[in-house]
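What follows is a short report on a single structure.
The values are calculated or read from the model by the stated rules, or taken from the named source; none is laboratory data. Only a predicted model underlies this, so the values are computations on that prediction, with no experimental measurement involved. Cβ: placed from backbone, ideal geometry, glycine included. Neighbour counts: every protein chain shown. When the accessible area is computed, the model is the full protein with side chains, heavy atoms only, and any ligands, DNA or RNA have been set aside. Shrake-Rupley method; radii C 1.70, N 1.55, O 1.52, S 1.80 Å.
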Amino acid sequence: MSEAVSALAGARASGLVELADAGAMGMITLRGELTLLGGALHSVLGLGLPGVRQVGTGDKGQVLWMSPDELLLVLPYAEAPGVAAALTSALGDAFATVAVVSDARALIRVSGAQARDVLAKLMPVDFADFPVGSLRRSRAAQVAAALWRVSDSDWSLICFRSVAGYVWEALATVAQPGGEVGLYR
């Protein structure tokens, strides 16, 4: 098996914030009734269900609440196929789907004290009320994206691989020095 290549090929940029391609990440979409999905998650990975618009983190990965019937797992790239098979087995004949979407997504890390200001230039999200561990599905400029707050100054943004370059360039542009907003201090 050849090594995975991320959509942004390890890109990095500095400005008002630090931008970094997270590299190839494993991602699995789970769709179905959340309590059933939660049982499978717990039995396979020891992860519990996150709350609405929340991210749960464990030793083996993260689970993101994406909608009332959808979760997204983020874990090491090489582990995604095996974990997906184990989740499928754990779900048995339950009405649910498990799909590895690792190669269809890109993950961008945004870090720095001005991260909320930079992100607010592209995303119609209330960053004043966005605690650590929270997630929002929205858009970045004109494309779909999901964003979660990792720490006070660290954020993770997921978008489709096909638009990763567009999102990257938009972030790098609005993060240029001289574009300070100072709204979120």
Give me the residue from the stretch 7-22 that is without any contact (Cβ under 8 Å) to a residue 40 or more places away in the chain and not hydrophobic (A, V, I, L, M, F, W, C) and, out of that set, nearest to residue 161 (Cα to Cα). 10
When you scan the stretch 79-101, do you find a residue that is of a type in the set (Gly, Ala, Ser) and assigned to a strand (DSSP E or B), even just one? yes
Which of the residues spanning the stretch 4-51 are open to solvent by 80 Å² or more (accessible area, probe 1.4 Å) and under 28 Å from residue 170 (Cβ atoms)? 5, 9, 12, 14, 18
Considering only residues that are open to solvent by 30 Å² or more (accessible area, probe 1.4 Å) and under 15 Å from residue 146 (Cβ atoms), which ones fall in the stretch 52-64? 52, 53, 54, 62
Single residue of the stretch 102-153 satisfying the filter (among the polar types (S, T, N, Q) and in a strand (DSSP E or B)) that is farthest from the chain's Cα centre (by Cα): 111
Of (1) under 22 Å from residue 55 (Cβ atoms); (2) open to solvent by 30 Å² or more (accessible area, probe 1.4 Å), residue 169 fails just (1)
Tally time: how many residues in the stretch 154-185 are in contact with a helix residue (DSSP H, G or I) (Cβ under 6 Å, 6 or more places away or on another chain) and either closer than 14 Å to residue 105 by Cα or at pLDDT 95 or above (or both)? 5
For the stretch 158-177, does any single residue satisfy the condition of being outside any strand (DSSP E or B), acidic (Asp, Glu), more than 14 Å from residue 19 (Cβ to Cβ) and out of contact with any Ser or Thr (no Cβ under 6 Å at 6 or more places or on another chain)? no
Taking the residues in the stretch 121-135 that are touching a residue at least 40 places away in the same chain (Cβ under 8 Å) and open to solvent by 40 Å² or more (accessible area, probe 1.4 Å) as candidates, determine which candidate is farthest from residue 101 (Cα to Cα). 128
